[in-house]
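Chemist: Sharing a structure below in structure tokens format, with a few things to ask.
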Amino acid sequence: MCSKIRSFGEYSSELLQMRNQSIILLFVRAPVKGKIKSRLGSAIGEDAALELYRNFVLDTIDAIVKSGHPFRIFFHPPDAGEALASWLGPHFHYIPQAGDDLGENMERAFRKVFTEGFTRAVLLGSDIPDVTPAVLNEAIESLGTNDVVMGPAADGGYYLIGCNRGSFLPNVFHGIVWGTSTVFRETMGILHEASLRVHLVPEWQDVDTKDDLKSLFERNRDTTFDKSRTMAYLMENRDRFLS
């Protein structure tokens, strides 16, 4: 007996349904001089760090939009909603982060979208401006056969985490010392102890230091990201930032 071959229309319908049930959560900080990218600011100046972060956020949003998935912008501090809407536009969905630390902020963000009815959610930060739509799609689609998806960062943390509503495990956000080189390893230990199936998307490098900035520039020459706002700004200030 031969299996039924799905038509293009059926496949497109399944893909649309998956996209409608999935959501991306973008964590953003209000772009306030001296309040963001402190390590980068100490190396290149607070004004330049602020402008770079603005470009990071805009380029990350571009990648999310190109992925085709709906998304929410979870922002910090909680009173920055109007300022962000004025900057990015009122057409996005803004939600204040709500927690005492990063872990609680992430946990509550997942709880909120799962309560809304989404069945797959992927969360990422705004320190990886060259993240690609392909990576975001891989993360979402991997949750069809896995419980959790993780994106390890080169510094020992992670830049992306996602799960299904049924495999949501709040413990991965508890008891972690955030900002250390053991965050990813500790989180993976919790997931393995819970016997959850984990898919890893490619390792990425956050941009927190001047060396990270140089790496970002070098790895994206002659790529599609070469035309981004971030790369244009770096090229304009190449002698200041990349020497």
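Chemist: Which pairs turn up if I take residues in region 159-187 that are closer than 12 Å to Gly103 by Cα and look for partners that are buried (at least 18 other Cβ atoms within 10 Å of the Cβ) and of a type in the set (D, E, K, R) with beta carbon separation below 7 Å, at least 6 apart in sequence or on another chain?
Modeler: Pro170/Glu107; Phe173/Glu107
Chemist: What number of residues within region 21-48 are more than 29 Å from Phe110 (Cβ to Cβ) and either among the charged types (D, E, K, R) or outside any loop (DSSP other than H, G, I, E, B) (or both)?
Modeler: 8
Chemist: I need the full set of residues from region 191-215 which are at pLDDT 95 or above, part of a helix (DSSP H, G or I) and crowded, with 17+ Cβ neighbours inside 10 Å, in order please.
Modeler: Once the filter is applied, which keeps residues that are at pLDDT 95 or above, part of a helix (DSSP H, G or I) and crowded, with 17+ Cβ neighbours inside 10 Å, region 191-215 yields only Leu191.
Chemist: For region 87-138, name all the residues that are of a type in the set (Gly, Ala, Ser) and assigned to a helix (DSSP H, G or I).
Modeler: Once the filter is applied, which keeps residues that are of a type in the set (Gly, Ala, Ser) and assigned to a helix (DSSP H, G or I), region 87-138 yields Gly103, Ala109, Ala134.
Chemist: Let me ask another. Can Phe184 be described as closer than 18 Å to Tyr53 by Cα, crowded, with 17+ Cβ neighbours inside 10 Å and among the hydrophobic types (A, V, I, L, M, F, W, C)?
Modeler: no
Chemist: Search region 145-159 for residues being part of a loop (DSSP other than H, G, I, E, B) and of a type outside the set (D, E, K, R), and hand back the single one that is farthest from Val207 (Cα to Cα).
Modeler: By that ranking, first place goes to Thr145.
Chemist: Still on this structure, please answer the following. I'd like to know if region 36-52 contains one or more residues that are of a type in the set (Lys, Arg), without any contact (Cβ under 8 Å) to a residue 60 or more places away in the chain and surrounded by 13 or more Cβ atoms within 10 Å (Cβ to Cβ).
Modeler: Within region 36-52, none of the residues are of a type in the set (Lys, Arg), without any contact (Cβ under 8 Å) to a residue 60 or more places away in the chain and surrounded by 13 or more Cβ atoms within 10 Å (Cβ to Cβ).
Chemist: A further question on this structure: Count, please, the residues in region 185-212 that happen to be under 16 Å from Val122 (Cα atoms) and not aliphatic (A, V, I, L, M).
Modeler: Final tally of qualifying residues: 6.
Chemist: Follow-up question, since we're still on this one. Any chance you could count how many residues in region 167-190 are assigned to a helix (DSSP H, G or I) and touching a Ser or Thr at 6+ places or on another chain (Cβ under 8 Å)?
Modeler: 1
Chemist: Restricted to region 216-243, and to residues that are within 21 Å of the chain's Cα centre (by Cα) and not in a helix (DSSP H, G or I), which residue is surrounded by the most Cβ atoms within 10 Å (Cβ to Cβ)?
Modeler: Ser228
The values are calculated or read from the model by the stated rules, or taken from the named source; none is laboratory data. Remember, it's a predicted structure, so these values are computed and weren't measured experimentally. When we count neighbours, we look across all protein chains shown, and the Cβ atoms used for this are built from the backbone with ideal geometry, even at glycine.
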